[in-house]
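Heads up, the thing below is written out as structure tokens.
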Amino acid sequence: MMHRREFIRSTAAAAVASRLSWIRTTEATLKSKASAKGILYGSAASVRMLQDQAYQQIFAEQCAILTPEAELKWNAVHQRPDSYNFGPADSLLSWCQSHGLKMRGHTLAFWQSIPSWVPQMANASNAKDILTQHIQNVVGHYAGKLQSWDVVNEAIAPDDHNPQNIRNSIWQQTIGPDYIPLAFNVAHEADPSAMLVYNDFGVEYDFPGTDVRRNAMLDLLHKLKSQNVPIHAFGLQAHLYGNAVQRMNTGALTSFLKSVSDMGLKILVTELDVQDKGLPPDPNARDEALAQSYGMFLNAVLRNPNVIVVETWGLSDKYTWLRQHAPRNDGNDVRTLPFDANMQSKSAVVQAIEQAFDAAPPRTV
Ligand code: XIL
């Protein structure tokens, strides 16, 4: 029999332990702050990153949704004309399922990340079949399992000087602008339950040409809606520039998003990050500047109740595409995401994001 003093000691210890675990589990996370308003917070990730235990742990703690950064792109799943490799994306999906996260699909008709056989083989007479078959197989493989699909990615490029400002991708060259409705129709047939997204970047600032981009995207979305194409959401990539915060045009962004939501489309922030190029070297000063961009952007965007997902393009500075894509001129490691390269939360950035979630009106699902 347990001695009374021992029992008291052990129950006291159990009470302390349970209190600690209560504190741990009720500590605010990005996903808990977002979900209090009916918003899913998450991030892009790849198989390689999740092999890092520390990363995997913060990812599961902070995120309610994951986008495969590479594993569902054409050059990952469909490297050769007659074979598909779903292994890496399947393993991400099963990790998500066992940790209670949703997963998004990224991406089907894109100008980039295409294996060389596609442009070598595609021509005006077979390109529709090539694109159709790819979408049928990839969307079909995941039917009913993904939260949404980025069906068409980055189709607007006014500098390419095509009619309707459509980017000069292999799909535009071989099929023309009809590749866009085609991609949505085939995806819808392959997974009638999936939320289908048009995803693009470059709508947040008053840079020269940004107005043209915003208008071209609205024209495209209007056209698709008026043709009853099964499109359900707009994906706002939101790759921001920390040194251009004064040029962020929240007014234009807000009215752009209002036009999008007035069409009955949901809005997903799909790839949010803030470049630190041109910001001072001091890490604290940089984080403060990043926080300003995150806060200004999210406070503007989250006022629109159709915004239901916020994903950053990575969670820790250890794994950000900006290391390669936009390294700093002074050689310092980039700082961009909510967690630093040692998996420590960067309080200025995290607070800015959490405050924006706190200030957001609740979404009704
Ligand atoms: C990027 C990845 O993050 C990089 O690792 C890769 O080398 C190139 O693609 N917009 C998109 C994403 O839609 O697919 C891109 O991802 C970033 C810009």
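Only Cα pairs under 8 Å and at least 6 apart count here; give the relative contact order of the chain as a rounded whole percent.
Working: 643 pairs, mean separation 59.1, N = 365.
Normalised by residue count, the contact order of the chain is 16 percent.
Give me the net charge of residue 283's neighbourhood, meaning all other residues with Cβ under 13 Å from the Cβ of residue 283; Lys, Arg count +1, Asp, Glu -1. Each step should come with its number before you reach the end.
Details: positive: 286, 328, 335, 346; negative: 276, 282, 287, 288, 317, 330, 333, 340.
In short, -4.
Based on the mean of other Cβ atoms within 10 Å per residue, sort peptides 185-197, 126-138, 264-276 so the most packed one is first. All intermediate terms of the calculation are to be shown ahead of the outcome.
Working: 185-197: 20.0, 126-138: 17.7, 264-276: 23.5.
Highest-to-lowest ranking by the protection proxy: 264-276, 185-197, 126-138.
Taking the Cα centre of the chain as the origin, how large is its charge dipole in debye, to the nearest 20, when only Lys and Arg (+1) and Asp and Glu (-1) carry charge on their Cβ atoms? Mind dumping the intermediate values first?
Details: 32 positive and 35 negative charges, 219 e Å.
Computed charge dipole of the chain: roughly 1060 debye.
Mind running the shape call on the chain? Use the C-alpha gyration tensor, a ≥ b ≥ c as the square roots of the eigenvalues: rounded below 1.5 for a/c, prolate if a/b tops b/c, oblate otherwise. The partial results should precede the final answer.
Numbers: a/c = 1.87, a/b = 1.48, b/c = 1.26.
Prolate, since a/c reaches 1.5 and a/b exceeds b/c.
Quick one: Karplus J couplings for the range 147-154, per residue in order, coefficients 6.51, -1.76, 1.60, θ = phi - 60°, nearest Hz, x for Gly and Pro?
With coefficients 6.51, -1.76 and 1.60, one gets 5, 6, 10, 7, 6, 10, 10, 6 Hz.
Per residue of the chain, what 222 nm ellipticity follows from adding -39500 (n - 2.57) for every DSSP H run with n ≥ 4, rounded to the nearest 500? Provide the component values of the computation, followed by the final result.
Values: 15 runs with 163 residues, N = 365.
That calculation yields -13500 deg cm²/dmol at 222 nm.
Counting Lys and Arg as +1 and Asp and Glu as -1, what is the net charge of the other residues whose Cβ lies under 14 Å from the Cβ of residue 64? Please list the in-between numbers first.
On the way: positive: 31, 33, 37, 102, 104, 363; negative: 61, 311.
Cβ neighbours under 14 Å give a net charge of +4.
Report the one residue of 47, 74, 122 whose Cα lies farthest in the direction of the positive end of the charge dipole of the chain (charges on C-beta: Lys and Arg +1, Asp and Glu -1; origin at the Cα centre).
It is 47, whose Cα lies furthest towards the positive end.
Pairing the Cα long axis of helix 87-99 with the longest principal axis of the chain, what angle in degrees results, from 0 to 90 and rounded to the nearest 10?
In the chain, helix 87-99 runs at an angle near 40 degrees to the longest axis.
Against the longest alpha carbon principal axis of the chain, how many degrees, from 0 to 90 and to the nearest 10, is the axis of helix 53-62 turned?
90 degrees
Count the net charge of all other residues whose Cβ sits under 14 Å from the Cβ of residue 179, scoring Lys and Arg as +1 and Asp and Glu as -1.
Details: positive: 128, 167, 223; negative: 129, 154, 178.
Combined, the nearby Lys, Arg, Asp and Glu give 0.
Over the range 171-294, what is the relative contact order in whole percent, taking alpha-carbon pairs under 8 Å and six or more residues apart? Present the calculation step by step, with values, prior to reporting the outcome.
On the way: 157 pairs, mean separation 32.5, N = 124.
That works out to 26 percent.
What residue among 255, 169, 293 shows peak mean-square fluctuation when the chain is described by a Gaussian network model with Cα springs under 10 Å?
Comparing 255, 169, 293 in a Gaussian network model of the chain, the most mobile one is 255.
Angle check, please: helix 127-141 long axis (alpha carbons) against the longest principal axis of the chain (alpha carbons), in degrees 0 to 90, nearest 10.
Roughly 20 degrees between the two axes.
Nearest 5 is fine: what % of DSSP beta bridges in the chain come out antiparallel, could you say?
Of all bridge pairs located within the chain, approximately 10 percent are antiparallel.
Quantify, in whole percent, the carbon and sulfur part of the accessible surface of the chain (1.4 Å probe; protein heavy atoms only). All intermediate terms of the calculation are to be shown ahead of the outcome.
Numbers: 8150 of 16140 Å².
Carbon and sulfur atoms account for 50 percent of the accessible area of the chain.
Per residue, how much accessible surface does the chain expose to a 1.4 Å probe? Answer in Å², no decimals. Intermediate values should be presented prior to the final figure.
Values: 16140 Å² over 365 residues.
With the other protein chains kept in place, the chain gives 44 Å² per residue.
Given a Förster radius of 56 Å and the C-beta distance between residue 226 and residue 342 as r, what FRET efficiency does 1/(1 + (r/R0)^6) yield to the nearest 0.05?
Numbers: r = 51 Å, r/R0 = 0.90.
The pair residue 226/residue 342 has a calculated efficiency of 0.65.
Before anything else, pin down the relative contact order of the range 109-246: Cα pairs under 8 Å, at least 6 apart, normalised by residue count, whole percent.
Numbers: 178 pairs, mean separation 37.7, N = 138.
That works out to 27 percent.
The values are calculated or read from the model by the stated rules, or taken from the named source; none is laboratory data. All values reported here derive from a predicted model rather than from experimental measurement. Positions of Cβ are generated from backbone atoms using ideal geometry, with glycine treated the same way; all protein chains shown enter the neighbour counts. Calculation scope for accessible area: heavy atoms of the full protein, side chains included, ligands and nucleic acids excluded. Shrake-Rupley method; radii C 1.70, N 1.55, O 1.52, S 1.80 Å.
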